[in-house]
Amino acid sequence: MSINHIAFSTRKPSKKRCGDASFSAEMEVSGENIVLLIVADGVSKAPKDWLASESVVDFVTEEIQKSKKSLPDALAEAIEVANRRIWLGVEDTFGMLTTLSLVLYHPEKEKLYWCNIGDSRIFGLKLTDWIQLSTDDSTSTPYKENGKLKLQNGAPVMLSVLTRAIGSDDELKVNIQEVPSNEYIAIALASDGFYELSGFNSYATSLASSADMEKEAQQIQSRINSEIQDDASFAVLRLPGNLNFDLRKYLTENKGSTNIPTGVLDVLEKEIRQSIIAKDDEYLKMLLDFMSTTDLYYSKPKMIEILELMIAHKSQLVQNMTLLIRKI
């Protein structure tokens, strides 16, 4: 089973420090192997937004790894402790606020545990649609300038104001949600600076379906650099694909297609390796052609690893793979 995940934060170009923080890692909690994703968006109107977001990520990961409780209880306690530590002050800084979106994935139980505080969001990918799972802790309020209501085209200008945030209350109530992981192809977490981008769905889907998430994340960050109006954070977890997916049938019926079926990546690598070992060059060529047509590549080290397998089994398509590697 392959688990793929990544997280990144991009600073608004006009700011000196990024007020967002993000995290993704595989770890052991209460003796169980899990994947943890976090996105935090420090409130810029409060002190040191960057310290608030960085601290809540550090505190949550630190606390959860120490816990001996069940996963939902460990998660709730870690968030509550992190909130209290922010509220009590960090590095002599008081009054800091930050959002927190967090997802814990338990592969063996095929379950997702999540919690959202503030207006960062958690999404689940079903087929081709991203569905918002979390509910924003925010409300709209009229914007005033020098005590006067500001109007635009005769209507009041409205501002979104957080109704709940990490650091706002020392007795923050934490609710952990639980859903089956097999209902989703991927899970994503995003701060408002990312989900408000016009290309959010495209960026999220391309990253969730990428064979080389690190490279795709770098390209996305480069593209959004001139577009973002705020610090932007994103974390994504691609859940294990359907290993019973009939890729041979799909490629036979969709020759030349540039569509990449979501969740096919785990199957693709398995099929490539099996066709090399079985010396099924006809099917292997079909697979490599599919990669070339769709510009679908694994990381360079993985591609070289597959090439070495082809050489070891004296495949007739070594040159085809070499040409693919040169494109990376």
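Scan region 146-157 and give yes if some residue there is at pLDDT below 95, within 30 Å of SER202 (Cβ to Cβ) and either part of a loop (DSSP other than H, G, I, E, B) or within 18 Å of the chain's Cα centre (by Cα) (or both), otherwise no.
Filtering region 146-157 for residues at pLDDT below 95 gives 146-157.
Checking which are within 30 Å of SER202 (Cβ to Cβ) leaves us with 152, 157.
Right, trim to either part of a loop (DSSP other than H, G, I, E, B) or within 18 Å of the chain's Cα centre (by Cα) (or both) and you get 157.
Yes, region 146-157 has at least one match.
Hey, can you tell me all the residues within region 256-315 that are β-branched (Val, Ile, Thr) and closer than 20 Å to ILE185 by Cβ? Walk me through it before giving the result.
From region 256-315, those β-branched (Val, Ile, Thr) are 258, 260, 262, 264, 267, 272, 276-277, 293-294, 304, 306, 311; that's our starting set.
Within region 256-315, THR258, ILE260, THR262, VAL264, VAL267, THR294 meet the criteria.
How about region 87-96: which of its residues are surrounded by fewer than 24 Cβ atoms within 10 Å (Cβ to Cβ) and outside any helix (DSSP H, G or I)?
Of region 87-96, the ones surrounded by fewer than 24 Cβ atoms within 10 Å (Cβ to Cβ) are 87-95.
Within region 87-96, GLY89, VAL90, GLU91, ASP92, THR93, PHE94, GLY95 qualify.
Please count how many residues of region 71-121 are among the small types (Gly, Ala, Ser) and within 16 Å of GLN177 (Cβ to Cβ). Walk me through how you get there before you give the answer.
Taking region 71-121 and keeping what is among the small types (Gly, Ala, Ser), we get 74, 76, 78, 82, 89, 95, 101, 118, 120.
Subset that is within 16 Å of GLN177 (Cβ to Cβ): 74, 76, 78, 101, 118, 120.
Residues in region 71-121 being among the small types (Gly, Ala, Ser) and within 16 Å of GLN177 (Cβ to Cβ): 6 in total.
Quick check on my filter: what residues within region 177-199 are within 16 Å of SER209 (Cα to Cα) and touching a Phe, Trp or Tyr at 6+ places or on another chain (Cβ under 6 Å)?
Scanning region 177-199 gives a single hit, ALA188.
Residues of region 309-328 being assigned to a loop (DSSP other than H, G, I, E, B) and hydrophobic (A, V, I, L, M, F, W, C), which ones? Reasoning before the result, please.
Here is the first cut: in region 309-328, the ones assigned to a loop (DSSP other than H, G, I, E, B) are 313-317, 328.
Selection gives LEU317, ILE328.
If you take the residues of region 108-119 that are touching an Asp or Glu at 6+ places or on another chain (Cβ under 7 Å) and within 16 Å of SER168 (Cα to Cα), which of them is surrounded by the fewest Cβ atoms within 10 Å (Cβ to Cβ)?
Across region 108-119, the extreme among qualifying residues is ASP119.
Kindly establish whether ASP49 is within 21 Å of ASP136 (Cα to Cα) and of a type outside the set (A, V, I, L, M, F, W, C).
Values: within 21 Å of ASP136 (Cα to Cα): yes; of a type outside the set (A, V, I, L, M, F, W, C): yes.
Here the answer is yes, as ASP49 does meet what is asked.
Give just the number: which of (1) open to solvent by 70 Å² or more (accessible area, probe 1.4 Å); (2) of a type outside the set (Val, Ile, Thr); (3) under 18 Å from PRO72 (Cβ atoms); (4) modelled with pLDDT of 95 or more does GLN132 not satisfy?
Unmet condition: (3).
Across region 176-192, which residue is surrounded by the fewest Cβ atoms within 10 Å (Cβ to Cβ) among those that are in contact with a helix residue (DSSP H, G or I) (Cβ under 8 Å, 6 or more places away or on another chain) and farther than 18 Å from ALA204 by Cβ?
Out of the qualifying residues, it is GLU178.
The values are calculated or read from the model by the stated rules, or taken from the named source; none is laboratory data. Because the structure is a prediction, the values reported are computed rather than measured. Because the Cβ atoms are built from the backbone with ideal geometry, glycine has one as well, and the counts that use them run over all protein chains shown. Protein only, heavy atoms only, side chains kept; ligands, DNA and RNA dropped before computing areas. Shrake-Rupley method; radii C 1.70, N 1.55, O 1.52, S 1.80 Å.
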